[in-house]
Structure formats: C-alpha cells, structure tokens
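Have a look at the structure below, then the notes.
The values are calculated or read from the model by the stated rules, or taken from the named source; none is laboratory data. As the structure is a prediction and not an experimental result, all values here were calculated from the model. A quick note on method: Cβ atoms are made from the backbone with ideal geometry, for glycine too, and the neighbour counts reach across all protein chains shown.
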Amino acid sequence: MGFIKLNNIEVGVPVSAPNVLLGRLTTGAGEQEEIEPTVLTEETAPAAGDFLPIWTGDGLRKVDFSEFGGGGGSGTVTSASVVTANGLAGTVATATTTPAITLSTTVTGILKGNGTAISAAANSDLPVMSATVGGAVPTPPNNTTTFLRGDGTFATPAGGGGSVATDTIFDAKGDLPVGTAADTAAKLTVGANGTVLTADSTQSTGLKYSKPWVQETNAQTGTTYTLVLADEGKLVTLSNASAITLTVPPNSSVAFDVGTYIDLAQIGAGQVTVAQGSGVTVNATPGLKFRAQYAGATLRKTATDTWLLFGDLSA
C-alpha cells in the first residue's frame, strides 16, 4: 500500500510492482491544485504532464518526468572470467570486448548430479540389482560353477550343473558331442566318407558309423529261430545238418515296420522251412521251403501281419 497526501489528508493507494503511482493536474474552480491519481503499468507509457507526487517536509511536490532525463546508459566490458565450481570450469575468449565463454567439466568418468553440482559417480551410487530393483550387476564370485539369477544373486544350478566332455576340443570337422551316460558327455569321431550314423545300443555312445552298402549278418546254427526286431535289413544265415524252422512272429509281439526286408540263406544241409506265426500270412510260390543248400530268399513285410517271401523256393 502506498500513500499520497492531498490537502493534509493521507490517501492510501494500492501499488504493486511493476506499477508506478502517477498524478495528473486537473484545473479546478479555486487556486488549489487537485490531484487525480492514476497508475502507470507495463502497457501504459507516461503522457505529457504526468508527474510523480512526492511528499516532502514542505508538503506534496510534483516531480515531472522531464526531471529524470531520458535514454539508456553505455559502458565497456573490462574483463570476463569463469569461476571453477560445482564440477564446471570454462574458458573465455576476447574477454575485454565480446566475451565467448566455453564451459567444460573437471570431472572424469560417469557424471552424477544432485540439483546443484555435478561430480564423479562411484560404485556405491548405483543400486545393486535385486529381485525387484534394476541396477548394477553384483560382484561376481569368480568361478565357473554358478550363474547370475534373475533375483540378482549368483547360484549353482538346481541339478548341480552338467559336466563338460573331457575331450572338449574337436579334432576334425564332423566330430560330434554325444552322451555316454546320464549327464556324461563325450566326443564321437567323425566316420569315414560315405558312412552313415546309426543307433546302436551296443556302443558306449549309443551310435556308430556304418557302411550302408555292407549288410550285417546274423548267423544262426540251431534248428529253430524266430525273427527279432534287430534282424531288420540283415542277412540271417541258417546252418544245421537237420531241418530248420524259421518263424515269422505276429506284429503284436514283434512290430516290424511295414516295408521291412530280411534276407535269408540256407548254409547247411538241413532244409529251411518258413513258418507263419499266429495270425501271420506269408505269401510265396511255389511254397515256403528252400530248394537246396545255399538257396536264398527275401522276406518283405507288406501289411501289419502280411509278408511276401520270394527267392529260391520249393513246395
């Protein structure tokens, strides 16, 4: 609240920056000057005759704006510099004419700020990763048996981790990693050119390379023999001085794939007769007997319990 005194009476007038209280003279009927207060704002420029009413010991005095002079000031920059503080520094070019200031920082590494200054961040400034908070990776335990979990801790796998094959360096292209037992690894050396990899439970690795053009042989010397699943694709030789009976089992007991073939050969003097297992049909002509010693024939499965026998046969 500002005050002006008119005719020995103080009058309060609200004034707030950037407003300025002004006065204007109004011609009255008497000799006494009347003051009509007005307010100069940022949008209102002083007009001719405007004055500032100032109360002095001699009474209210009007000060015309012309007494304040006009125009702006001028000067010369003598020097400019940058104070190094709060992690900032700088240089000034042409400090005495048109200063050009370049700011830099005195801090190295990763910066952090606190709203006032910047400084170098330390490891302790980063939160350590946890189950619910993202952050820096915790210090590793420097071993090869644990791994970093999603909750920010290093732990050993629940199963204790698997072992690594002792021969971890492959010696040739085509070498394969294989298992020899539960959680036990090994190396399978690549086979020779043209060989194929087949499953073989008799091998330590459960696999072996074999030549597809070399047929395996199952040599039987008894007077009876029933085919087994392992005979698929093999040559079964039958050798005995007495008559031999070879039985083709039903699919319910030995499930050969349809299309399976098995080669047969009578090596001994005993004649071979092919017998049909329960529910099995073996089609042949002229019969199911081998014609003589060294005669051969082939069995091929054509349906679930149906086979075709063709070769050197007799009735």
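Identify, from the list G161, G72, the residue that is part of a loop (DSSP other than H, G, I, E, B), at pLDDT below 75 and surrounded by fewer than 10 Cβ atoms within 10 Å (Cβ to Cβ). Result of the check over G161, G72: G72. Selection of segment 282-315 for residues being over 21 Å from A269 (Cβ atoms) and among the aromatic types (F, W, Y) yields W307, F310. Pairs are defined by a Cβ separation below 8 Å, a sequence spacing of at least 6 or placement on different chains, a first member in segment 207-231 that is in contact (Cβ under 8 Å) with a residue 24 or more places away in the chain, and a second member that is among the acidic types (D, E); the pairs so defined are L207/D200; Q215/D263. Identification of strands (runs of 3 or more DSSP E) wholly contained in segment 223-315 with 3 or more residues that are surrounded by fewer than 18 Cβ atoms within 10 Å (Cβ to Cβ) and on the phi > 0 side of the Ramachandran plot yields no element. Within segment 211-255, the set of residues being over 17 Å from V274 (Cβ atoms) and in contact with a Leu (Cβ under 7 Å, 6 or more places away or on another chain) comprises Q215, T217. Of the set (1) at pLDDT below 90; (2) loosely packed, with under 13 Cβ neighbours inside 10 Å; (3) more than 30 Å from V272 (Cα to Cα), all apply to K187 but (2).
Within segment 124-146, the residues that satisfy the criterion of being modelled with pLDDT of 80 or more and not β-branched (V, I, T) are P140, P141, N142, N143.
Can you name the residue in segment 106-126 that is part of a strand (DSSP E or B) and either in contact with a Leu (Cβ under 6 Å, 6 or more places away or on another chain) or in contact (Cβ under 8 Å) with a residue 24 or more places away in the chain (or both) and, of all such residues, is surrounded by the fewest Cβ atoms within 10 Å (Cβ to Cβ)? For segment 106-126, the residue satisfying everything is L111.
For segment 127-151, what are the residues that are of a type in the set (S, T, N, Q) and without any contact (Cβ under 8 Å) to a residue 12 or more places away in the chain?
T132, T139, N142, N143, T144, T146
For segment 204-222, how many residues meet the condition of being in contact with a Gly (Cβ under 9 Å, 6 or more places away or on another chain) and either assigned to a strand (DSSP E or B) or under 29 Å from V190 (Cα atoms) (or both)?
Step one: of segment 204-222, the residues in contact with a Gly (Cβ under 9 Å, 6 or more places away or on another chain) are 205-206, 208-213, 215-216, 221.
Still in the running and either assigned to a strand (DSSP E or B) or under 29 Å from V190 (Cα atoms) (or both): 205-206, 208-213, 215-216.
Residues in segment 204-222 being in contact with a Gly (Cβ under 9 Å, 6 or more places away or on another chain) and either assigned to a strand (DSSP E or B) or under 29 Å from V190 (Cα atoms) (or both): 10 in total.
Set side by side, the residues G222, G296, G270 differ, and just one is small (G, A, S) and closer than 25 Å to T198 by Cβ, which is G296.
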